[in-house]
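A short worksheet on the structure shown next.
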Amino acid sequence: MSKPAPDDRLPFEPKRRKAKPAKAAPAPVASKAAEVKQPAKASRSQPQPKLSETRIPDAVSQRMLRRILAFSGVPTGLGVGVFFLSYWLVSREIIPLPTSAVVLASMGCFGLGVLGLTYGLLSASWDEQQAGSLWGWDEFRLNGGRMINAWREARAARQQAKSD
């Protein structure tokens, strides 16, 4: 696969470091067990980025949290509210609601709350300086595309590693 353009990387993603030149090959090992362990050791020797380089900036994480609370908290609160409202209606014998209707309405609201978690996370602008739009549809499409591309690249890398 081709290397991603500089625009494809996340705003808070660290810049890729250049690979260090390979060291001289170690002396040959007689046992097969040592040969199996060697590739795993080589993959760990790559430099790991620092925690401060990989963490999500505070402005972005606060934006994500606010959106998650809005898009997940409201439907979840409605689910609890539907449950208590239906209990009140049935206990006062105002409306005879079937149990299945109460369960389906509550579960529907809780299901929307779970979807709201994902939408709240992906609809937030991942750029520190850009707040994004109110509903975040453009940001959702952009960040969802980034996530799908990352999954595809990871799958391709796994298949490449298997074939090697």
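The values are calculated or read from the model by the stated rules, or taken from the named source; none is laboratory data. Quick caveat, the model's predicted, so the values are computed rather than measured. In this analysis, Cβ positions are derived from the backbone assuming ideal geometry, glycine residues included, and neighbour counts consider all displayed protein chains.
Scanning segment 98-114 for residues that are in contact (Cβ under 8 Å) with a residue 40 or more places away in the chain and among the β-branched types (Val, Ile, Thr) yields a single hit, 114.
Looking across segment 62-78, the residues that are among the small types (Gly, Ala, Ser) and surrounded by fewer than 18 Cβ atoms within 10 Å (Cβ to Cβ) come down to 70, 73, 77. Being modelled with pLDDT under 95, touching a helix residue (DSSP H, G or I) at 6+ places or on another chain (Cβ under 8 Å) and among the acidic types (Asp, Glu), is that true of even one residue in segment 132-145? For segment 132-145, residues modelled with pLDDT under 95, touching a helix residue (DSSP H, G or I) at 6+ places or on another chain (Cβ under 8 Å) and among the acidic types (Asp, Glu): present. Checking each residue in segment 121-156 for being assigned to a loop (DSSP other than H, G, I, E, B) and small (Gly, Ala, Ser) picks out 123, 124, 125, 131, 132, 133, 136.
Screening segment 53-65 for residues that are touching a residue at least 24 places away in the same chain (Cβ under 8 Å) and either in contact with a strand residue (DSSP E or B) (Cβ under 9 Å, 6 or more places away or on another chain) or part of a helix (DSSP H, G or I) (or both) and picking the one that is nearest to residue 121 (Cα to Cα) gives 64. Residue pairs whose Cβ atoms lie under 8 Å apart, sitting 6 or more positions apart in sequence or on different chains, and linking a residue in segment 127-154 that is free of Cβ contacts under 8 Å to residues at least 60 places away in the same chain and closer than 23 Å to residue 58 by Cβ to a partner that is among the aliphatic types (A, V, I, L, M) and outside any helix (DSSP H, G or I), are 139/124; 143/124.
When restricted to residues that are buried (at least 18 other Cβ atoms within 10 Å of the Cβ) and either touching a strand residue (DSSP E or B) at 6+ places or on another chain (Cβ under 9 Å) or not hydroxyl-bearing (Ser, Thr, Tyr) (or both), segment 118-131 contains 5.
Among the residues of segment 80-93, are any modelled with pLDDT of 95 or more and not hydrophobic (A, V, I, L, M, F, W, C)? Scanning segment 80-93, I find at least one residue that is modelled with pLDDT of 95 or more and not hydrophobic (A, V, I, L, M, F, W, C), so the answer is yes. Residue count for segment 77-114, restricted to those that are under 28 Å from residue 67 (Cα atoms) and either in contact with a helix residue (DSSP H, G or I) (Cβ under 7 Å, 6 or more places away or on another chain) or not in a helix (DSSP H, G or I) (or both): 11.
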